[in-house]
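Nothing in this text is a laboratory measurement; each read-out follows from the coordinates by a stated rule. Model, not experiment: these values are computed from the prediction. So basically every Cβ, Gly included, is an ideal-geometry build from the backbone, and we count neighbours across all protein chains shown.
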Amino acid sequence: MPVRPLPSNPNLDHLRYQAKDLLEGHAEHNPAVAQRIREFHPRFSGACDDEIFNARLRLNDAQLTIAREHGFPSWTRLKRHIEKPTLADHLSLPHHQRIEDATFRRAIDLLDAGDVVGLREILRRRPDLTRQHVVFEGGNYFRNPTLLEFAAENPVRHGTLPQNIVQVAEVIIEAGVDGPTLNETLMLVATGRVPRECRLQLPLIALLCDHRANPDSAMEATALHGELEALNALIRRGGRINLPVAAALARIDEARAMLPRAEARDRHLALALASQFGHVELVRLLLDAGEDPNRYNPVGGHSHATPLHQAALGGYDELARLLVERGARLDLKDILWHGTPADWARHEGREQLEAYLRAQQEMRR
């Protein structure tokens with residue numbers, strides 16, 4: 001799920017209260033609290049609700065969860081951010097303006113300007129720049145990027161890319177980058193709206209794959225972001241279609257063939273993706289196979305919400321009715337905005353769907 005942004009003037013005491021509230025929710029066996037712990041406390045990654053509720057949770061565990069939920073690796077780092085902020089801690093600034101290393105920042109300026117000559121010269125003098133990482137905290141992703149990753153314009157900094165960004169990226173790659181950097185950049189490009197809007201997404205995907213970026217590394221994230229043109233480009237470059245990807249693309253015959261051998265994690269994510277895109281028959285297939293409509297979506301798959309929230313958001317009436325008929329809870333609230341599926345339908349102006357969900361909720365009382 002997205003991290004919770006800190007307010008402009010964060011208060012450490014308020015964050016301590018949040019940690020205590022988390023402990024109370026854990027003691028009450030609140031499923032939303034279990035989801036937060038599962039996503040943000042590394043010790044509970046992949047744990048089921050019962051495992052989380054049966055574990056002893058201390059205050060420092062709750063504080064670690066709160067810190068990571070706000071995009072910081074530890075309570076100590078969150079505390080330092082509040083008490084002794086540096087330039088990198090000015091979260092309201094675009095990422096390139098938060099870089100303290102003057103040479104790295106100059107390289108970003110050249111990249112943004114599309115200055116191939118200037119960039120090649122600075123990399124000739126400082127070839128280590130292509131392997132250097134900068135550290136950003138307090139955000140959802142892009143926390144430890146290299147120079148090449150800025151070429152994706154994801155997160156959005158300027159809202160555009162130089163038209164010669166492929167050539168710019170090639171200069172950086174030829175100066176020397178490792179496999180993880182290529183893969184991370186591929187994911188950022190394939191999931192980014194700015195590369196697509198600038199008609200540069202597919203050329204960048206081609207460049208990165210030509211230099212041995214692994215298309216599999218970006219497949220699921222691209223599906224979750226609904227970048228279907230990019231997803232098909234990755235498939236053409238050898239990206240593997242697994243059950244979640246088949247669910248996103250509504251490839252029901254392939255999904256049916258994969259389902260018996262699919263791991264639990266893939267089945268869970270497939271349900272989230274099929275619900276996100278309103279693929280009723282795929283959701284029915286997964287429910288028939290035993291998937292639970294009352295779990296929050298898996299980590300990395302809009303995990304703040306349930307399949308019924310996704311149906312309400314998209315206005316998928318038939319899918320919502322199917323989920324309700326199969327026992328989907330109508331009272332579960334999403335973790336970020338604390339809304340029920342009916343609240344989500346209302347927010348999106350889905351009046352008939354909202355009325356149906358509220359009527360069903362009233363009937364269950």
How high is the FRET efficiency from D253 to A206, r the C-beta distance, R0 30 Å, rounded to 0.05? 0.55
Be a star and scan region 169-193 for residues whose amide nitrogen sits under 19 Å from the point 7 Å along the Cα-to-Cβ vector of E229. 186-193
Which whole-percent values make up P(r) of region 245-364 when all C-alpha to C-alpha distances are grouped in 10 Å steps starting at zero? 15, 50, 28, 7, 0
Would you be so kind as to identify which of G138, M219, S74 lies farthest towards the positive end of the dipole of the chain, taking Lys and Arg as +1 and Asp and Glu as -1 on Cβ and the Cα centre as origin? S74
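Using a 10 Å cut-off around each Cβ, can you sort I172, I122 from fewest to most neighbouring Cβ atoms?
I122, I172
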If amide H atoms are modeled at 1.01 Å from N in the peptide plane, then the residues at a separation of 5 or more from G339, or on another chain, having amide H under 5 Å from its own are D334
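With a sphere of radius 15 Å drawn around the Cβ of G290, what net charge do the other residues whose Cβ falls strictly inside it have (Lys, Arg +1; Asp, Glu -1)? Each step should come with its number before you reach the end.
Details: positive: R256, R261, R265, R267, R284, R295, R326; negative: E263, D266, D288, E291, D292.
Around G290, the charge tally is +2.
Shape of region 95-217 from its Cα gyration tensor (a ≥ b ≥ c, root eigenvalues): rounded if a/c is under 1.5, otherwise prolate when a/b > b/c, or oblate?
Numbers: a/c = 1.27, a/b = 1.15, b/c = 1.11.
Taking the square roots of the gyration eigenvalues as a ≥ b ≥ c, region 95-217 is rounded.
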Sorted by chain and number, the residues with a modelled amide H under 5 Å from that of Q132, at a separation of 5 or more or across chains, are L147
Candidates per trypsin sites (Lys or Arg not before Pro) in region 38-86, loop by DSSP, up to 10 other Cβ within 10 Å: R56, R58
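Grab the DSSP H runs of the chain that are 4 residues or longer, score each as -39,500 (n - 2.57), total them, divide by all residues and round the 222 nm result to the nearest 500 deg cm²/dmol.
On the way: 21 runs with 204 residues, N = 365.
Value at 222 nm, helices only, nearest 500: -16000 deg cm²/dmol.
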Which three numbers, in whole Å and largest first, are the semi-axes of the equivalent ellipsoid of region 155-214 derived from its Cα gyration tensor as √(5λ)? 18, 12, 10
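Any chance you could tell me what percent of the C-alpha pair distances in the chain go past 27 Å?
I get 55 percent for the Cα pairs in the chain exceeding 27 Å.
Provide the gained length on full extension for the span R236 to N294, in nm with one decimal, where the gain is 0.36 nm per separating residue minus the Cα-Cα distance. The partial results should precede the final answer.
Details: separation 58, 0.36 × 58 = 20.88 nm, distance 3.53 nm.
Full-extension gain reported as 17.4 nm.
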